[in-house]
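One structure is given here, and the rest of the page talks about it.
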Amino acid sequence: MPHTTTPSPSKTSIQLEDVESAAKPQRIKPTDYTDNNINQVENKRLKDVEISVPVVYGTMAFYLGKKASELQSHKWTVYVRGATNEDLSVVIKQVVFQLHPSFDNPIRVVESPPFELSECGWGEFEICISILFHDDVCDKHVDLFHLLKLYPDAESGPQSAKKPVVVETYNEIVFPDPSENFLARVLSHPAVYVPRLPAGFNLPAPVPSSNMNVKGKYDTKNHPLNHWFINFSEADELLKLASARQRVQAHILKLRRQLSMLDGPPQPSKLAYGMISECT
């Protein structure tokens, strides 16, 4: 669908959270949502307990090459996935993607995994991603904003139909004081980080949530785009940080050498000149 790049998507019913892409992963807490159809589940809350769910959201754009036209140059996919490609439907009930107004039906609701949608176009624009949760998880929502990127950076070389442009952001959604049922459901789920509980702590039998899929059935480990997903594992991040530190240290040494060359050789002090003149 043809669209322009000048206007930004409407945000009339969506609040902007401080979750823009950054080098340091951010921790997000859900905010109020105005959907009256969400039923709150009243059960005991666990104080001083915090559950976190690592998520990755982003876009992947493929240049259409010889098939590209003026208004259909790229095919792209926007998505929300588990940081380790685990099934997020244990926590997420639905994801709402708000596209540019020039698209037909610009507000798209995805109610089952994988939480993604694909389109074709030629322009870059900001996409709003609203994440809603199962009733026993949270009666609030999370808003994320992501800029669709179609064209590679200059240092990446010319665009190719074989290599996509991938832009992803890692975040952790934090649920403080979770309900007993929520904790019981996700206690051993690989997509969720659950703290160590006190010895002898007993939880009630979990009550399945509506639209919740069988664990592992809808993970993205075998996703057709999995080959291009960015690795956000802790070990990978540590290697990147170590490499960046080495580059920074090398750059500092280079700058020091350049500064020393600009300063020139050390100049004798005025006192030294005086001593020389008296001796001659």
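The values are calculated or read from the model by the stated rules, or taken from the named source; none is laboratory data. Values in this document were obtained by computation on a predicted structure and should not be read as measured data. Ideal geometry is used to build each Cβ from the backbone, glycine not excepted, and the neighbour counts take in all protein chains shown. For accessibility, only protein heavy atoms count, side chains too; no ligands or nucleic acids. Shrake-Rupley method; radii C 1.70, N 1.55, O 1.52, S 1.80 Å.
Of the listed pairs Lys67/Lys163; Lys93/Lys162; Lys149/Lys254; Lys163/Lys254; Lys67/Lys93; Lys47/Lys140, which have alpha-carbon separations greater than 27 Å here?
Lys93/Lys162; Lys149/Lys254; Lys163/Lys254; Lys67/Lys93
Calculate, in nm to one decimal, what Ala68 and Arg27 gain on full extension: separation in residues at 0.36 nm each, minus their alpha carbon distance.
So the extension gain works out to 10.8 nm.
On each of the three principal axes of the Cα atoms of the range 54-175, give max minus min coordinate, whole Å, ordered largest first.
If we take the Cα atoms of the range 54-175, the spans are 49, 31, 19 Å.
Given the Cα-Cα distance of Arg247 and Val49 and 0.36 nm per residue of separation, how much length would full extension add, in nm?
Result for the pair: 67.3 nm of gain on full extension.
Please arrange Arg45, Arg196, Arg247, Arg81 by accessible surface area, largest first, computed with a 1.4 Å probe and ligands excluded.
Accessible-area ranking of Arg45, Arg196, Arg247, Arg81, largest first: Arg196, Arg247, Arg45, Arg81.
Only residues of the range 52-76 count here: report those whose backbone N is under 17 Å from the spot 7 Å along Cα→Cβ of Lys162, or say none.
So the set is 62-67.
Could you give the length gained on full extension between Asp139 and Glu172, defined as 0.36 nm per residue of separation minus the Cα-Cα distance, in nm?
This chain segment gains 10.1 nm when fully extended.
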